[in-house]
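Chemist: So that we are looking at the same thing, I have put the structure below in structure tokens.
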Amino acid sequence: MRICGIELKGGEAVLCILGYNMGAFELPDSRQRQIAVSNSEDTQSIRDFQFSIKKLFEDYKVERVAIIKREQKGKFAGSATSFKLEAALQLLDMPVEVFSPSVIKDQMKRNPLQTDFASLGLKKFQQQAFNVAYAAHNLRLYKEGDASLDQE
């Protein structure tokens, strides 16, 4: 099972693909760590973003998407562009879940990494995208009453 964790900031999506196979997590090398939209007012830019990310998911066999929830109001509110990107992702033909920062933090606390983030080979700006993918995997793995997930 491969999940792509996504942090939407401004006009870009920061990506981290995290797989789980035979009881171990894996980080496949990805050709893209982020995808930016040049002009969010242009419909074609959003379509190009959606096409690029769909192709990336097909190439890396991503089965699910996990997005960090952004605030709609206040000091830390997400931009209009980030909500457009989220809509483009949700229209893909695959499961897309949105996780609040508190759920992600709780999963990281319950299932701490066995290594430090620096040793994973990811860029520092990918940490939040990794965290949401890791939290999504853990929520699936430790879901009560569903031991079949361990076999994926």
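Chemist: Given the structure, is Arg64 touching a residue at least 12 places away in the same chain (Cβ under 8 Å) and over 14 Å from Gln128 (Cβ atoms)?
Modeler: yes
Chemist: Do the conditions hold for Ile46, that is, is it over 25 Å from Pro101 (Cα atoms), of a type in the set (A, V, I, L, M, F, W, C), out of contact with any Ser or Thr (no Cβ under 6 Å at 6 or more places or on another chain) and not in a loop (DSSP other than H, G, I, E, B)?
Modeler: When the stated conditions are applied, Ile46 passes them.
Chemist: Could you grab me the full set of residues in the stretch 13-52 that are within 23 Å of Leu120 (Cα to Cα), free of Cβ contacts under 8 Å to residues at least 60 places away in the same chain and out of contact with any Pro (no Cβ under 7 Å at 6 or more places or on another chain)?
Modeler: Scanning the stretch 13-52 gives Met22, Ala24, Glu26, Pro28, Asp29, Ser30, Arg31, Gln32, Ile35.
Chemist: Okay, next question. Any idea which of (1) basic (Lys, Arg); (2) under 17 Å from Leu141 (Cα atoms); (3) in contact with a Pro (Cβ under 9 Å, 6 or more places away or on another chain) is the one Lys69 doesn't satisfy?
Modeler: It fails just one condition, (2).
Chemist: Shifting gears a bit: If we keep just the residues of the stretch 51-87 that are among the small types (Gly, Ala, Ser), over 21 Å from Leu18 (Cα atoms) and crowded, with 18+ Cβ neighbours inside 10 Å, which is nearest to the chain's Cα centre (by Cα)?
Modeler: Per the stated criteria, the residue is Ser82.
Chemist: Next up: Just checking, does the stretch 18-34 include any residue being more than 16 Å from Arg2 (Cα to Cα) and surrounded by 12 or more Cβ atoms within 10 Å (Cβ to Cβ)?
Modeler: Looking for residues that are more than 16 Å from Arg2 (Cα to Cα) and surrounded by 12 or more Cβ atoms within 10 Å (Cβ to Cβ), one finds at least one in the stretch 18-34, hence yes.
Chemist: Here is a list of conditions, (1) charged (D, E, K, R); (2) in contact (Cβ under 8 Å) with a residue 40 or more places away in the chain; (3) in a loop (DSSP other than H, G, I, E, B), and Glu7 meets all of them except one; can you say which number that is?
Modeler: (3)
Read-outs: derived from the displayed coordinates by stated rules, not from any lab. This structure is a prediction, so every number in the text was calculated from the model and none was measured. Glycine also receives a Cβ, built like all others from the backbone with ideal geometry; neighbour counts cover every protein chain displayed.
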